[in-house]
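The values are calculated or read from the model by the stated rules, or taken from the named source; none is laboratory data. Just so it is clear, the structure is predicted and the values come from calculations on it, not from any experiment. Reconstructed Cβ throughout: ideal geometry from the backbone, glycine too, with neighbour counts over all protein chains shown.
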Amino acid sequence: MKVELIAFDVAGTTLNDGGVVISSFQNAFKRSEPDLWGHKANKLTQYAFETMGQSKIEVFKALLGDEERARLAVEEFESAYFDLISIEGVSPIAGVNELFAALREKGIKIALTTGFSRKTLNLIIKKAGWEYLIDFSVTPEEAGAGRPSPLMLQKCAEGLGVSSATTVIAVGDTMADMQAGVAYGAGRVVGVLTGTHSQTQLFEAGATSVIHSAAEIQTLI
């Protein structure tokens, strides 16, 4: 397989954030929907795990059934996540920085896709030291939709002048990542086990391969 681009998810795939996503989700509900959180905390948290990787606005809309309430909850989520990583920091998954450097040497483009806002993604990129290691990054707002839609992958490929979807490898730790890769028609859709969903779940969602960590991606090229 000719590989022009590898598009990676962020949290749980290339970034170890120590569970900050779930903590931020919980904080968002406590702040924006205290009454609902008070009697449905476990159910809401479970849904957050199940839908990990999907666009945050869509997750909150599904839970709250109201666009305005969902928007306010997303703002609280982003604020909580931004504050937590500003204080506690984040770190790349072991071996990912070395992988990025090796891919650049091979002439393979590197893109990041995420469910976060641009402000949060830029902070992550800075704290992880990826400013000069990646070629492109995209958020749901910039692409028009988040996962499981393929639009972020399409945006990456267009932005980097990729010739065909079959030359793209999509990598992620969630079922939504796999579904987006399949919908896009990526040449390979690779699941990793450093994040949210299990090997069985990733294969069920369309993974063509499942590996322990994104750092092992070179074994598939």
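Within the range 60-68, at least one residue is surrounded by 15 or more Cβ atoms within 10 Å (Cβ to Cβ), outside the structural domain of residue 143 (by TED's automatic domain parsing) and of a type in the set (D, E, K, R).
Listed conditions (1) exposed (fewer than 15 other Cβ atoms within 10 Å of the Cβ); (2) in contact (Cβ under 8 Å) with a residue 40 or more places away in the chain are all met by residue 140, apart from (1). Within the range 152-161, the set of residues being crowded, with 20+ Cβ neighbours inside 10 Å and not charged (D, E, K, R) comprises 152, 153, 154, 156, 157. Looking across the range 121-137, just one residue is polar (S, T, N, Q) and either surrounded by 21 or more Cβ atoms within 10 Å (Cβ to Cβ) or not assigned by TED's automatic domain parsing to the domain that holds residue 184 (or both), and that is 137. Taking the numbered list (1) of a type outside the set (Lys, Arg); (2) over 23 Å from residue 196 (Cα atoms); (3) in contact with a Lys or Arg (Cβ under 9 Å, 6 or more places away or on another chain); (4) in contact (Cβ under 8 Å) with a residue 40 or more places away in the chain in turn, residue 108 passes all entries but (3).
Among the residues of the range 174-193, write down those that are in a loop (DSSP other than H, G, I, E, B) and farther than 19 Å from residue 155 by Cα. 174, 193, listed by residue number.
Kindly establish whether residue 81 is within 30 Å of residue 159 (Cα to Cα), of a type outside the set (A, V, I, L, M, F, W, C) and either surrounded by 21 or more Cβ atoms within 10 Å (Cβ to Cβ) or not assigned by TED's automatic domain parsing to the domain that holds residue 145 (or both). Considered against the rule, which asks whether it is within 30 Å of residue 159 (Cα to Cα), of a type outside the set (A, V, I, L, M, F, W, C) and either surrounded by 21 or more Cβ atoms within 10 Å (Cβ to Cβ) or not assigned by TED's automatic domain parsing to the domain that holds residue 145 (or both), residue 81 comes out as yes.
Of the residues making up the range 135-150, those that are more than 15 Å from the chain's Cα centre (by Cα) and among the hydrophobic types (A, V, I, L, M, F, W, C) number 0. Any residue at all in the range 79-101 that is closer than 15 Å to residue 14 by Cβ and of a type in the set (D, E, K, R)? Within the range 79-101 (the criterion being closer than 15 Å to residue 14 by Cβ and of a type in the set (D, E, K, R)), the answer is yes, since at least one residue qualifies.
How many residues are in contact with a Phe, Trp or Tyr (Cβ under 9 Å, 6 or more places away or on another chain) and either of a type outside the set (A, V, I, L, M, F, W, C) or crowded, with 22+ Cβ neighbours inside 10 Å (or both) if we restrict to the range 210-221? Number satisfying all stated conditions: 2. If the condition is being closer than 17 Å to residue 109 by Cβ and within 14 Å of the chain's Cα centre (by Cα), then the range 151-163 contributes 152, 153, 156. Summed over the range 85-101, residues that are surrounded by fewer than 19 Cβ atoms within 10 Å (Cβ to Cβ), farther than 19 Å from residue 192 by Cα and touching a residue at least 24 places away in the same chain (Cβ under 8 Å) total 4.
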